[in-house]
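See below for the structure under consideration.
Nothing in this text is a laboratory measurement; each read-out follows from the coordinates by a stated rule. Please read all numbers here as calculations on a predicted model, not as lab measurements. Cβ coordinates were reconstructed from backbone atoms using ideal geometry, including for glycine residues, and neighbour counts include every protein chain displayed.
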Amino acid sequence: MAGRAQIPTSNSALIAMIADEDTITGFLLAGVGNVDIRRKTNYLIVDNKTTVKQIEDTFKEFTNRDDIAIVLISQYVANMIRFLVDSYNKPVPAILEIPSKDHPYDPAHDSVLSRVKYLFSTESVASDRR
Amino acid sequence: MAEIESDQLQRAPLDETKVKNEDEEEEECILQFLDSLDAYLTLVDSLSSSLRQGWFDLASARQSMGHTRISSKLFDHKVHSASTTINIMELNADNPSDPKPQFSLSKWATTKENPSSEVPNNSNLRHRAPTGVLEDGEKSNGTQVSSVVSNDVSLQLDIQKERSKSLTIFGGLVSPKLRTAQVSFETALDKIVEIANARSSMLSSFSQLQLNKKSSS
C-alpha cells in the first residue's frame, strides 16, 4: 500500500467536507467549521454552480494539508471526480464517501470497497467498470 | 548419509510448524479484514440513518424559522478554530510500510477559558482528570467528590456554551428542531470516526494479505 511516509500524529486535526449545503450546515452545527488566518475554510459547498475543476482543486488542497485528518465527500460529488478519488491511496487524511439527501450511499461506487473487492472476485476492478 | 537423513527428519517438523504458524497468521488476517469490512458497511448504514434524521430536523427547522434564517449566507467567515477536532495516533509505528492510523473525536474543546475541559470521545467518554481525582481502590473524602462533581458541572456548562455558540450563527432564538439536528449530526460524527477506524483496519489487513499472497506465489 502506498503512503509509506510517516503518519503525522496530531491532537487537533480537522474534518474537511465537500458536500451539499444541508450536510455542511449540519456538520458546522456540530462544531467542525474552521476558518484559518488566510480566511480558508475546511469545507466546500457543492451546488449546481460548482464546477468539476473547483471540486478537483478543493479535493487536492484538502488531501495535501497536514492539518486535516478526515475528508468527508458526498458520494455523488466523489463520482464527479472518481478518477481522482480512486487514485488517492494515502492513509491520512482518510477519504470517506457519505450519502446525500438525494443520492443514497451505493457500496458499488465506494473507492475503498472497490479497492478490496478483488479479493472476492477473479475479475479486475477495471473490467467491472466497463 | 545417515546424518543427512536425520537432519532432514529434524527439519521436517520445524518446517511444518512454520507453515502452520504462517497459515494461522493469514487466517487471523483474513478474519480481521472481514470483521472490519462488516463493521464498515454496518456503520455506513447507521451513518445514513443519523444523517437522514439530521436532514429531516434541519428541514423542519427551516420551515419554522424561514428559509433565509438557515442559509449558507449566514456562515461565520471570521477567523475561528473548529470546536470539534480529530486526534490521530499511529498504531503500527514499528512498521512504517503498513500504516494503521487510529482516529478519535474531541468534541467541543474549549481552549480559551478552560483548557482542561476538552472532552475526547472514543467509545468511552473520558474526561481530562484534574488533580485530586479518584484512583481505583482509593477511598474518597467529601472534598474530593465535590471537586469532581463541580468539575463535571463546569465541563458540561462549557460544552453547552460551545453548542449554543454554533447555534447562534442562525440567530438568538432558534427552533428546537435545529437543536435536535445538531445532536443528530454530532451522532453522525461519532459514526464517521468509527468508520474511519474500520477503514484503516480494513486497508491494513488488506495490504497484509496482499503481501502474504506475493510472498507465497
(message) Take B:Ser48 and A:Asp57, extend 7 Å from each Cα along the Cα→Cβ direction, and tell me the distance between the two endpoints in nm.
(response) 3.4 nm
(request) Could you grab the relative contact order for segment B:10-109? Cα pairs under 8 Å, six or more apart, rounded to a whole percent. (result) 15 percent
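For peptide B:182-190, compute the average count of partner chain beta-carbon atoms within 10 Å of each residue's beta-carbon.
Values: counts 6, 2, 3, 9, 6, 1, 6, 8, 1.
The per-residue average across the peptide is 5.
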(request) Could I have the simple spin-label model distance between B:Phe56 and A:Asp106, label points 7 Å from Cα toward Cβ, reported in nm to one decimal? (result) 2.5 nm
(message) If amide hydrogens are placed 1.01 Å from N in the peptide plane, which non-local residues have theirs closer than 5 Å to the one on A:Ile68?
(response) A:Leu14
(request) Quick one: of B:Lys78/B:Lys161; A:Lys53/B:Lys214; B:Lys73/B:Lys177; A:Lys40/B:Lys161, which pairs are farther than 30 Å apart, Cα to Cα? (result) A:Lys53/B:Lys214
(request) Multiply the residue gap between B:Asp15 and B:Lys73 by 0.36 nm, knock off their C-alpha separation, and tell me the result in nm, one decimal place. (result) 14.0 nm
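What is the calculated FRET efficiency for B:Lys161 to A:Lys117, with r their C-beta to C-beta distance and R₀ = 41 Å, to the nearest 0.05? Intermediate values should be presented prior to the final figure.
Numbers: r = 46 Å, r/R0 = 1.12.
Here the calculated transfer efficiency is 0.35.
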(message) Per residue of segment B:73-86, what does 6.51 cos²θ - 1.76 cosθ + 1.60 with θ = phi - 60° give for ³J(HN,Hα)? Whole Hz please, x for Gly and Pro, Karplus curve as stated.
(response) 5, 8, 4, 6, 9, 7, 5, 7, 8, 5, 7, 10, 10, 10
(message) Give me the one-decimal nm value for the distance between modelled label points at B:Ser216 and B:Ser147, 7 Å along each residue's Cα-to-Cβ direction.
(response) 5.8 nm
(message) Give me the dipole magnitude in Debye, nearest 20, for segment B:39-85 about the Cα centre, with unit charges on the beta carbon: positive for Lys and Arg, negative for Asp and Glu.
(response) 240 debye
(message) Residue by residue through segment A:95-112, what is 3J(HN,Hα) from phi via Karplus (6.51 cos²θ - 1.76 cosθ + 1.60, θ = phi - 60°)? Round to whole Hz and write x for glycine and proline.
(response) 9, 10, 8, 10, x, 10, 4, 9, 9, x, 5, 10, x, 5, 9, 4, 5, 5
(request) Rank B:Trp55, B:Leu14, B:Leu34 by how far each Cα sits towards the positive end of the charge dipole of segment B:13-67 (+1 on Lys, Arg Cβ; -1 on Asp, Glu Cβ) and give me just the farthest. (result) B:Trp55
(request) Name the long-range amide H neighbours of B:Gln102: under 5 Å, sequence gap of 5 or more, or other chain; modelled H, no Pro or chain starts. (result) B:Met89, B:Glu90, B:Leu91
(request) Determine ³J(HN,Hα), in whole Hz, for all residues of segment B:152-169 in sequence, where each value follows from phi through the Karplus function 6.51 cos²θ - 1.76 cosθ + 1.60 and θ = phi - 60°; x replaces Gly and Pro. (result) 4, 5, 5, 5, 4, 5, 4, 5, 4, 5, 5, 4, 5, 4, 5, 6, 5, 5
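With +1 on each Lys and Arg Cβ and -1 on each Asp and Glu Cβ, and nothing else charged, work out how big the dipole of segment A:9-57 is about its Cα centre, in Debye to the nearest 20.
Numbers: 5 positive and 7 negative charges, 53 e Å.
That gives a dipole near 260 debye.
Can you pull out the trypsin sites (Lys or Arg not before Pro) in segment B:51-115 that DSSP calls coil and that have at most 10 other Cβ atoms within 10 Å?
Details: sites: B:Arg52, B:Arg62, B:Arg69, B:Lys73, B:Lys78, B:Lys107, B:Lys112; in loops: B:Lys78, B:Lys112.
Passing sites in segment B:51-115 are B:Lys78, B:Lys112.
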